[in-house]
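So the structure is just underneath, and the comments pick up after that.
The values are calculated or read from the model by the stated rules, or taken from the named source; none is laboratory data. Worth saying up front: this structure is predicted, and the values here are computed from it rather than measured. Neighbour counts are summed over all protein chains in view; Cβ atoms, including those assigned to glycine, are modelled from backbone coordinates with ideal geometry.
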Amino acid sequence: MKTLKISKLAEGFTSLAISNLSEKIDQKRQQGEKIFNFTLGDFSPQQFAIPSELEAEIVAAYREKHTNYSYVGGIQELRVAIAKHIKIFEQFDYDPDDIIVTSGARPLTYLLFKTLVDPGEKVIHTVPSWNNQPFIALASAEPIVITAKPENNFMITAQELEPHLKEAVLITINSPLNPSGTVFSRQALKEILDLIVAENKSRAKHNQKPLYIFFDIIYWVLTYNEIKCDNPIMLNPEIRDYVVFIDGISKCFAATGVRVGWAFGPKPIIAKMRSMLAHIGAWAPKPEQIGTAKYLQKHDAVASFLSVFKSKLLTRLNIFYTAIQELKTAGYNVDAIKPQGAIYLSIKLDLIGTKTESNKILETVDDILAYLLDDAKVALVPFYFFGMEKNFPWFRLSVGTCSVDEAKIAANNIGQSVRKLK
């Protein structure tokens with residue numbers, strides 16, 4: 001094939017590593033193998049259907065022929081409903097005009113980067129984390145990468161952040177975190193916010209651009225047991241001028257394919273994002289907006305759905321957590337962080353140097369992945385997919401596509417496969 005001349009930006013992009021792994025899994029399935037796939041941050045509609053009331057309202061909107069263009073940035077009815085929803089379920093107090101709606105969270109992420117970051121400016125992002133680097137590249141920005149530690153549940157600390165503050169114009173934060181499923185402690189988050197507020201007071205004296213926060217809260221309401229996410233504005237009200245939150249229905253309502261996301265933050269920033277959106281056209285389909293608006297007004301139904309949904313997710317997460325802890329107790333070099341939030345379990349499988357029954361030595365994380373895929377019929381995602389070093393022995397396990405019975409079988413398979421190693 002003839003080599004085409006394209007942009008340097010495009011040349012640097014490749015498909016997501018998880019997508020490539022999924023292709024390998026599909027090949028095995030096509031060959032007749034039963035594979036338990038825990039790699040995707042998605043939901044099986046057979047296991048986790050969207051709320052029936054949401055589905056009914058969307059269908060009704062289509063039947064009522066609401067198929068023309070939507071208002072750029074979201075219809076008023078939806079933005080009013082979102083404002084009430086985030087106040088009741090997330091403790092955020094924002095006006096409808098402080099909210100912008102698009103077709104999922106990704107267009108919002110792009111718009112936010114393009115609104116706040118000029119080419120060549122620096123963006124702080126942490127690892128492990130989901131897909132920050134491509135958006136930094138799309139903004140022609142420079143990354144500052146901070147590696148979080150397992151002993152801090154993979155959440156960065158103020159001490160790790162402080163040396164880099166003066167260089168950057170944006171920091172990306174995600175809690176509950178993809179891939180680890182962990183949540184900021186109140187104290188750790190407050191220390192970070194206090195640092196940023198102090199930095200911005202210093203910048204204001206010199207008329208410098210502030211340091212903004214992109215706070216991804218797409219998993220905000222999916223927390224377990226006594227764990228709750230702390231509202232940053234309650235921890236330090238002065239942070240309100242510098243933070244934009246991105247949220248949506250994709251995770252909290254198992255609606256990844258419905259494509260309704262929203263951002264809220266300072267009105268001037270949201271207004272500029274809306275202006276750019278007008279030229280991109282990535283607004284959510286109008287029937288989905290109308291259906292979501294009507295559903296979000298049913299607060300009792302939303303609360304009921306979330307209660308059942310979270311219970312189902314936690315049941316699955318606990319099955320794997322218990323299995324890993326049993327292996328740890330038996331003396332194997334494995335571990336897992338107790339479920340805190342999202343749909344993910346962080347699993348440590350430090351099996352490098354062990355031998356399989358056929359005397360093959362597992363020399364790399366990829367060897368561990370291949371062994372589990374072949375022997376346990378289980379597919380996991382290594383943390384190096386999320387920016388960690390290549391042989392960092394931690395993995396993400398996502399439970400959004402499995403039944404309880406499948407979770408039990410897969411957890412047992414993992415246990416048997418680890419016990420086979422020498």
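General observations
- Under the condition of being touching a Pro at 6+ places or on another chain (Cβ under 7 Å) and over 15 Å from Ser52 (Cα atoms), the residues counted in region 281-305 number 1.
- Test result for Tyr321, assigned by TED's automatic domain parsing to the domain that holds Leu372, under 28 Å from Lys87 (Cα atoms) and hydroxyl-bearing (Ser, Thr, Tyr): no
- Residue list for region 74-95, filter: within 14 Å of Ala293 (Cα to Cα) and either exposed (fewer than 13 other Cβ atoms within 10 Å of the Cβ) or not charged (D, E, K, R) (or both): Gly74, Ile75, Gln76, Leu78, Val80, Ala81, Ile82, Ala83, His85, Ile86
- For region 218-262, the tally of residues that are crowded, with 19+ Cβ neighbours inside 10 Å and either among the acidic types (Asp, Glu) or closer than 13 Å to Thr292 by Cβ (or both) stands at 12.
- Scanning region 376-402 for residues that are hydroxyl-bearing (Ser, Thr, Tyr), outside any helix (DSSP H, G or I) and under 22 Å from Gln133 (Cα atoms) yields one hit, Ser398.
- Candidates Lys328, Lys338, Lys348 - the one that is outside any helix (DSSP H, G or I) and closer than 22 Å to Leu369 by Cβ: Lys348
- Residues of region 311-326 satisfying the condition of being over 12 Å from Asn412 (Cα atoms) and touching a residue at least 12 places away in the same chain (Cβ under 8 Å): Lys312, Leu313, Leu314, Thr315, Arg316, Leu317, Asn318
- Test: residue in region 186-206 that is outside any strand (DSSP E or B), of a type outside the set (A, V, I, L, M) and either on the phi > 0 side of the Ramachandran plot or crowded, with 22+ Cβ neighbours inside 10 Å (or both): no
- Residue in region 1-22 that is surrounded by fewer than 12 Cβ atoms within 10 Å (Cβ to Cβ), over 20 Å from Gly400 (Cα atoms), at pLDDT 95 or above and out of contact with any strand residue (DSSP E or B) (no Cβ under 6 Å at 6 or more places or on another chain) present: no
- Test: residue in region 198-208 that is under 21 Å from the mean Cα position of the chain (by Cα), charged (D, E, K, R) and more than 30 Å from Gly12 (Cα to Cα): no
- Test result for Phe214, in contact with a Ser or Thr (Cβ under 6 Å, 6 or more places away or on another chain) and under 29 Å from Met388 (Cβ atoms): yes
- From the options Asp374, Asp335, residue that is of a type outside the set (Lys, Arg) and either in the same structural domain as Pro176 (by TED's automatic domain parsing) or more than 14 Å from Pro150 (Cβ to Cβ) (or both): Asp374
- The residue of region 320-370 that is farthest from Lys228 (Cα to Cα), among those that are surrounded by fewer than 16 Cβ atoms within 10 Å (Cβ to Cβ) and β-branched (Val, Ile, Thr), is Ile361.
- For region 45-71, a tally of residues being assigned to a loop (DSSP other than H, G, I, E, B), surrounded by fewer than 17 Cβ atoms within 10 Å (Cβ to Cβ) and over 23 Å from the mean Cα position of the chain (by Cα) returns 6.
- Residue list for region 36-87, filter: acidic (Asp, Glu) and over 28 Å from Val399 (Cα atoms): Glu64, Glu77
- Any chance Val399 is in contact (Cβ under 8 Å) with a residue 12 or more places away in the chain, surrounded by fewer than 20 Cβ atoms within 10 Å (Cβ to Cβ) and more than 18 Å from Asp350 (Cβ to Cβ): no
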